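Take a look at the structure below.
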């Protein structure tokens, strides 16, 4: 989806891209709220026990939450920093939560079964379709509402494709699962720790974009989001590895002992990527986004170093969750989210968008410290985490 994002940034300019980034951030938060941890729970159950019995409950729960959120979105007044056209686009884009619910459940089946070949193909098809439709229907200075309809169409098409890829597992699950409100409630209750964790995580990732929009306006958001997206592009390889690692960790009976090589390679890659992005920030920003994004250069040089603590934090988070230890992650994200908001209040409003970049970097470091402190506390008593201790204590 990186090319599609670059195309959107070029077609809309800094201010228009800022509006899009704000809307996309709200939809991502909404998606995490409607998913409510059911995807991680499904993946863990399927990977560990080949348990497909709760697919229907997961889908129904996500659809119910999506409908509630769509209704709320249609009724919301315009928030500060948004135009009427941008708010209309948000209301249209909120409709994508329905196909996203189907896509999330179906793709979770593929990930749980460790069919990463099909999952990668699905993501590639999504990216290509999104790029093609944006290129065809979105012209320079085009409408955000038109873009929203295009994105809804992409989500619908890819949800259908995801269903086709795992139709056998879907049919087996729905034939075996007898629906009851009690089962739905049980599933909701079981997914609650992961749901709260996921919600805090996505708010942590996107709150800076929302605050920059409300305090500094769309142009500043566009510059900030452009730099942030480049860093997210650089995370693509890491995210692919983490996507495959989580079900493998959930399935493993040896904690994280079998993943030491992956850990080292990920950290080496993060440091290398941070150095490259920092050194090439100016030509890379101009090449990707063109004129109007000069402010993004300094922001990219700062945000690039997020890759290092991000890699450590994500690895530890997945290890804790795979070991069914969500509480340490919840505490760590809560601490870093609080720090991020306080930093933004202190710096972004007074220093400007550079303050938002520093806020993100320092909050990520704080999250890493909190996770390590929790690890040291729990590794003494929790056997599934012994592998993490081994990785940190052994010399390279």
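Please treat every number below as a calculation from the coordinates, not as lab data. Just so you know, these numbers come straight off a predicted model, no measurement behind them. Cβ atoms come from the backbone with ideal geometry, glycine included; neighbour counts cover every protein chain shown.
Details
- Dividing the summed -39500 (n - 2.57) terms of all DSSP H runs of n ≥ 4 by the residue count of the chain sets its mean residue ellipticity at 222 nm at -27500 deg cm²/dmol.
- Applying 1/(1 + (r/R0)^6) with R0 = 35 Å to the Cβ-Cβ distance of residue 351 and residue 236 gives a FRET efficiency near 0.70.
- At R0 = 51 Å, FRET efficiency that the Cβ-Cβ distance of residue 369 and residue 164 yields, to 0.05: 0.70
- Expressed as a whole percent, the proportion of Cα-Cα pairs in region 1-183 lying more than 29 Å apart is 26%.
- Highest-fluctuation residue, 51, 117, 39 considered, GNM on the chain with Cα pairs under 10 Å: 117
- Under the shape rule built on the C-alpha gyration tensor, where the axes satisfy a ≥ b ≥ c, region 1-69 is prolate, since a/c reaches at least 1.5 and a/b is greater than b/c.
- Along its first, second and third principal axes, ordered by size, the chain spans 52, 51, 34 Å in Cα coordinates.
- When you work out D = kT/(6 pi eta Rh) for region 69-132 at 25 °C and 0.890 mPa s, using the Kirkwood radius from C-alpha pairs as Rh and the Stokes-Einstein form, the result is 175 µm²/s.
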